[in-house]
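Following: one structure in structure tokens, then a few remarks.
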Amino acid sequence: MSDIIRSSAAELAARLADRSISSVEVTQAHLDRIAAVDGDVHAFLHVSEHALEVAGEIDARRAAGEELGELAGVPLAIKDVLVTTDMPSTSGSKILEGFMSPYDATVVARARAAGLVPLGKTNMDEFAMGSSTEHSAYGPTRNPWDLDRIPGGSGGGSAAAVAAFEAPLALGSDTGGSIRQPAHVTGTVGVKPTYGGVSRYGSIALASSLDQVGPVSRTVLDSALLHDVIGGHDPHDSTSLADQWPSFAAAAREGARGDVLRGLKVGVIRELADVGFQPGVSASFRASLAAMEAQGAEIVEISAPHFEYGVAAYYLILPAEASSNLAKFDSVRFGLRVDVPGGTVEDVMSATREAGFGDEVKRRIILGTYALSAGYYDAYYGSAQKVRTLIQRDFDEAFAQVDVIATPSAPTTAFRLGEQIDDPLQMYLNDVTTIPVNLAGVPGISIPSGLSDDDGLPVGIQFIAPARQDAQLYRVGAALESLLVDSWGGPLLDRAPILGGAR
Amino acid sequence: MAAKVALMDFDKALELFEPVLGFEVHVELNTRTKMFSPAANPAHPDNHGAAPNTLVAPVDMGLPGALPVVNETAIRSSISLGLALGCSIAPSSRFARKNYFYPDLGKNYQISQYDEPIAFEGAVEVELSDGTTVTVDIERAHMEEDAGKLTHMGGAAGRIQGAEFSLVDYNRAGVPLVEIVTKPIFGAEHRAPEIAKAYVRTIRDIVIGLGISEARLERGNLRCDANVSLRPRGQEKLGTRTETKNVNSMRSVERAVRYEIQRQAAILAEGGTITQETRHWHEDTGTTSPGRPKSDADDYRYFPEPDLLPVAPSPQLIDELRAALPEPPAARRRRLQGEWGFTDLEFQDVVNGGLLAEVDATVAAGASPASARKWWTGEITRVANARGAEPQALVSPADVAALQKLVDAGTLTDKLARQVLEGVIDGEGSPQKVVDARGLAVVSDDGALIAAIDDALAAQPDVLAKIKDGKVQAAGAVIGAVMKAMKGQADAARVRELILERAAQ
Amino acid sequence: MSEITPDLVRHLGVLARIQLNDEEVERLTGQLDAIVDNIAKVSEVATPDVPATSHPIALENVFREDVPGDMLTLDQVLQNAPERADDRFRVTAILGEEQ
Ligand SMILES: [Mg+2]
Ligand SMILES: [Zn+2]
């Protein structure tokens, strides 16, 4: 395997800047890797035909002496939930097969402006509904650590692409854990920014009040670099925050270098002990806490009594908002149309949505339609909104005592493909530790904490910070990352199978 | 058409039943851009008549990933309108999604306001033709977006029933609307149709005074849904109501309410029941026909719009907009009558014709009050009646003032001016353009007139002698002949002067 | 137990414009019943004194200046149209009327 594809984005950026390597070389190496392994992994739904051309332009601009962004020339994989003008955007659904957006998502436009090279669109659970990427209409993505296992979801494609060295960086979206849970099961890093920290414009909406776009990478610094590019106020998104954000890359570098763990108060949620984590996941989590404690961090037990209602509230709010957001897929302006001879437009819409949506999407639309319908609103949607308030209060009280909260990123390691597909309730529990973060709008990061003793698969640790304190996550995440990588004697992904024939 | 509908005599209907009215008026704001997108607004005069699907931003057609952002000017217009309706302005209001599938609705939900409208609890004074006023209580005024436009093809022309297919244009999708909802109006009695008309006229006067809408009913800038129910005399409980949709002129509002009262009374008197439904007004036949009945499919699943945030106008903003309000229509009417020096009768003529704003604008454009009144209540109204249109739909106040200027300058006689008006109404351009194109100006060249006079005198040789004898009135016959020869394009007074000069020679 | 019945599921399918066959109705009825039983517990803690949160980060008065922009060309508007007639989208006969 070439050293190019194993390099972090920061390392590639440095070599591109000193011109010891070109963007065309970097891009070609990743395209070669995709050609070699993506038949097995299936992280990509579409590989860009323009990548080398774009890379060439960046090289030319650099050669002409133009001042370029730090990540200029670095390839980027883009979750298919984000609309792009030069590649189809399907959100993993048959109903949008071949859809070409006339505009770019803001994050994509910003990435292009910063000189990143779009490599392709990554696979996902249909409309981001799922935790395994098995609900993609285009077939599942496989976990590079074990091709029989799920890569997490909904952003399994972005996580797998990064874990399989098909891309150094990827964009994801996280509604209830869709960036962090795939990071957990693939041994990668993923960040769900503060709600409003990154524009949602051009992100095909699942649940508007929960969705947040964020970075996916192999190192904390790389996520920070990408976050610096895509974040900040966007007038196209009313919920976008107008805050001046600090440099997240600077925060990550500070964390990797300094002693930010000394005196850091890390909250551990008492109620989560009962959730029933896989023993190897719990053990890895405790080992990370111990490593932090050894560096002077203080572990503080905190209470979050309403977290246990989080999953229930989430599975009301998400389907409700999704049932409305997905109404636009109706066969009139774009997407699939199923003709009904002699039928009315209502018949055509109903037949199209029947044929174009997968089972999980239908299930959630019907559930959301129910939760909003007359007579049930107060009991369901209205109550879920109140739970949201209670979970926010839990966070407020916790953050009065601690700087960050730590949890395992998910209850188990990667399960086998097909294992939970017929059990929606079990599937929903995969997001038990990530969901409260979306409900409250606070930021969360998942970084690799090691391999589980019971099955040798990756485990992640999640850190949660108060709203707007994303920089704290990069600082703490980078600090623990450097401790752990030192203790492992190299990145966790060095221990993943090579793929591409040498499985 | 359906079977013949029985109608009860209007007076008889009112003997048996008490009508209860209610109105929902949608006002299209004339902001430069749409309610939630920066696409140009077709309800702004600059964009009128744009080609289909050329005023569309991603959110207007519900493109994946697109998001709405609220137009600040639309918020200010809505607050001003709320204040002008005497409403309280909510310290915090929010948008909600009204979910239903329809091909003209790009997102398949309409962003509207539901339980938290921006303005609520107001009242407007509505003046009737006899000068009395009626107070109409306002329940709420809320902001929302318009839907696109469907054109039904095949089957009965333009009707949804029997159409084979429909075409969708999203230009109108997202046009800012304020929906004004009245409380039930009791005690209207035999004046119910007139109150309906006067209410819509009052709303129109208010929005024109605020300058927030073009307010052209025939273009859909103002759309009135009229709710009518009847209850037997002495009954407490309200009857079942019907909602007659989108009646697109003030006259039609009046007719539609009268028709519904007569139709419902006939059914109720026969022991029948009224179906709660929307009904469609047919201008050509002066009738309504049944539309969509209420059903349990009307479950709009409202919930707070997660893509938008609450609107919380500061007290300072509300004070600022309140201070900038134009005077209320009733006060304005009193002032204008004084300024214009109209008699009560003359003024009522203008008001009843719904022409106050037009006369005012025409005066503002430079015409004398008397001439402005004469044009609007006279010739323009006559043509409008003949064509079954609204006077204000035919010609702009600026054109009327320009026309009068040509009369005042002697370029046009009254008769010629009426011909020019016809040209303007027929879309031939400004009065000056019509004068030029049709060659209608008064001939002010004395040479041409003298030549015509000489011809006429030659044909009637005895006339000259009579005039010379001092029988000046004999000139009338020659004037007539000259005017005829000049095809009316001469100033009769000048012709008379020239004849007398000739006779004196 | 919740009140999910096959008739309710069928009605929800009509509201959501998803044509469901009998097998799907039956399957969804069972699944939704189990899910609703599970998520109904939100009402345990959602007491009247707790305000609802619809936006995770509270903001208000986010407005846009009334300046035109972002308009799509006619080609962009129609580029994904399943069916068009000249410059408009074409749909088959509409049964119900607008709301
Ligand atoms: Mg209405
Ligand atoms: Zn409305």
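The values are calculated or read from the model by the stated rules, or taken from the named source; none is laboratory data. The shown structure was predicted, so the numbers you read here are calculated from the model rather than taken from an experiment. Heads up, the Cβs are rebuilt from the backbone with ideal geometry, glycines too, and the neighbour counts pull from every protein chain shown. All accessible areas refer to the heavy atoms of the entire protein, side chains included, with ligands and DNA or RNA removed. Shrake-Rupley method; radii C 1.70, N 1.55, O 1.52, S 1.80 Å.
What's the total accessible area buried between chains A and B, using a 1.4 Å probe, rounded to the nearest 100 Å²?
2600
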Exercise for the section: Give the angle, between 0 and 90 degrees and rounded to the nearest 10, that separates the Cα long axis of helix B:414-425 from the longest principal axis of the Cα atoms of chain B. Expected result: 30
Practice task
Could you state the angle between the C-alpha long axis of helix B:329-340 and the longest principal axis of the C-alpha atoms of chain B, as a value from 0 to 90 degrees rounded to the nearest 10?
Solution key: 10
Completion exercise
Note, the range B:135-140: 3J(HN,Hα) by Karplus (6.51, -1.76, 1.60, θ = phi - 60°), whole Hz, Gly/Pro = x, goes 8, 10, 7, 9, 7, 6
Practice task
Take the alpha carbon atoms of the range B:238-273, find their center, do the same for the range C:1-69, and report the distance between the two centers in whole angstrom.
Solution key: 38
Practice task
Name the lysines eligible as straight-distance cross-link partners of residue B:405: C-alpha to C-alpha under 25 Å, and not fewer than 8 places from it in the same chain.
Solution key: B:374, B:415, B:433, B:484, B:487
Exercise for the section: Report relative contact order for the range B:341-464 in percent, whole number only (criteria: Cα-Cα under 8 Å, sequence separation at least 6). Expected result: 18
Fill in the blank from the handout: Counting only DSSP loop positions in the range A:50-91, the GluC sites (Glu not before Pro) whose Cβ has at most 10 other Cβ atoms within 10 Å are A:67
Problem - J(HN,Hα) series, the range A:469-484, from Karplus relation 6.51 cos²θ - 1.76 cosθ + 1.60, nearest Hz, glycine and proline x - result: 9, 4, 4, 4, 5, 5, 5, 5, x, 5, 5, 5, 4, 5, 4, 5
Problem - Cβ-defined net charge surrounding residue B:300, 11 Å radius [Lys, Arg +1; Asp, Glu -1] - result: +1
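Counting Lys +1, Arg +1, Asp -1, Glu -1, what net charge surrounds residue B:33 among other residues with beta carbon under 15 Å of its beta carbon?
-4
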Exercise for the section: Pop out a list of residues from the range C:38-53 that are at least 40 Å² less accessible with all the protein chains around than in their chain alone; 1.4 Å probe, no ligands or nucleic acids counted. Expected result: C:39, C:41, C:42, C:45, C:46, C:50, C:53
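Using a cut-off of 13 Å between beta-carbons, work out the net charge of the residues near residue B:180 (Lys and Arg +1, Asp and Glu -1, residue B:180 not included). Walk me through the numbers on the way to the answer.
On the way: positive: B:140, B:183, B:204, B:223; negative: B:24, B:28, B:121, B:137, B:139, B:144, B:179, B:225.
Local net charge: -4.
Please tell me the relative contact order of chain B in percent, rounded to the nearest whole number, where contacts are Cα pairs under 8 Å and at least six residues apart.
After rounding, I find 15 percent.
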Completion exercise
Looking only at lysines whose Cα falls under 24 Å of residue A:386's and that sit 8 or more positions away or on another chain, we get A:192, B:98, C:41
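Computed on protein heavy atoms with a 1.4 Å probe, what is the summed buried accessible area for the chain pair A and C, in Å² to the nearest 100? Intermediate results must be reported in sequence, preceding the final value.
Numbers: alone 17870 and 9890 Å², together 22570 Å².
So the buried area, both faces added, is about 5200 Å².
Within chain B, what percent of beta bridges assigned by DSSP are antiparallel, to the nearest 5?
Numbers: 56 of 60 bridges.
Antiparallel: roughly 95 percent of the beta bridges in chain B.
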Fill in the blank from the handout: Quick calc, chain A, dipole around Cα centre from Cβ unit charges on Lys, Arg (+) and Asp, Glu (-), nearest 20 debye, gives 360
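For the interface of C with B, what's the total buried accessible surface in square angstrom, probe 1.4 angstrom, rounded to the nearest hundred? Display every interim value, and only then the final one.
Numbers: alone 9890 and 23490 Å², together 28970 Å².
The buried area between C and B, both sides summed, comes to about 4400 Å².
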Fill in the blank from the handout: Counting only protein heavy atoms and rolling a 1.4 Å probe, one gets per residue an accessible area for the range A:413-480 in Å² of 25
Handout entry: Alpha-carbon centroid distance for the pair the range A:428-503 / the range A:181-250, whole angstrom
Key = 16
Problem - Interchain or long-range residues, amide H under 5 Å from residue A:214's placed H - result: A:172, A:173, A:174
Exercise for the section: Give the relative contact order (percent, whole number) for chain A; include only Cα pairs under 8 Å separated by 6+ residues. Expected result: 17
Handout entry: Hz values of 3J(HN,Hα) by residue in the range B:433-450 - Karplus curve (6.51, -1.76, 1.60), Gly and Pro given as x
Key = 4, 5, 4, 5, 5, 8, x, 9, 5, 4, 6, 9, 7, 4, x, 5, 5, 4
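Where only protein heavy atoms count, and the probe is 1.4 Å, what is the accessible area per residue for the range B:303-348 in Å²?
Working: 2330 Å² over 46 residues.
For the range B:303-348, the per-residue accessible area is 51 Å².
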Fill in the blank from the handout: For residue C:62, the residues 5 or more places away or on another chain with a placed amide H closer than 5 Å to its own amide H are B:309
Fill in the blank from the handout: Percent antiparallel among DSSP beta bridges confined to the range B:151-296, nearest 5, equals 75
Exercise for the section: Answer with one residue from C:52, C:16, C:38: the one whose Cα lies farthest towards the positive end of the charge dipole of chain C, charges on Cβ with Lys, Arg +1 and Asp, Glu -1. Expected result: C:16
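Give me the percent of accessible area attributable to carbon and sulfur for the protein assembly as shown, probe 1.4 angstrom.
Values: 19740 of 39500 Å².
C and S fraction of accessible area: 50 percent.
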Practice task
Would you list, by chain and number, the lysines whose Cα falls below 29 Å from the Cα of residue B:4, excluding same-chain residues fewer than 8 positions away?
Solution key: B:12, B:197, B:245, B:294
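What's the longest piece of chain B with no exposed GluC sites (Glu not before Pro), counting a site as exposed if DSSP puts it in a loop and it has at most 16 other beta carbons within 10 Å? Numbers along the way, then the final one.
Numbers: sites that count: B:164, B:236, B:270, B:283, B:428.
Longest site-free region, per DSSP loop and neighbour criteria: B:1-163.
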Fill in the blank from the handout: In degrees, nearest 10, the alpha-carbon axis of helix B:192-210 is tilted away from the dominant principal axis of the alpha carbons of chain B by 80
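What full-extension length gain, to one decimal in nm, is calculated for residue B:284 and residue B:5 as 0.36 nm per residue of separation minus the Cα-Cα distance? If you can, show how the numbers build up before the last one.
On the way: separation 279, 0.36 × 279 = 100.44 nm, distance 1.56 nm.
In short, 98.9 nm is gained.
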Exercise for the section: Only bridges with both residues in chain A count here: give the DSSP antiparallel percent, nearest 5. Expected result: 65
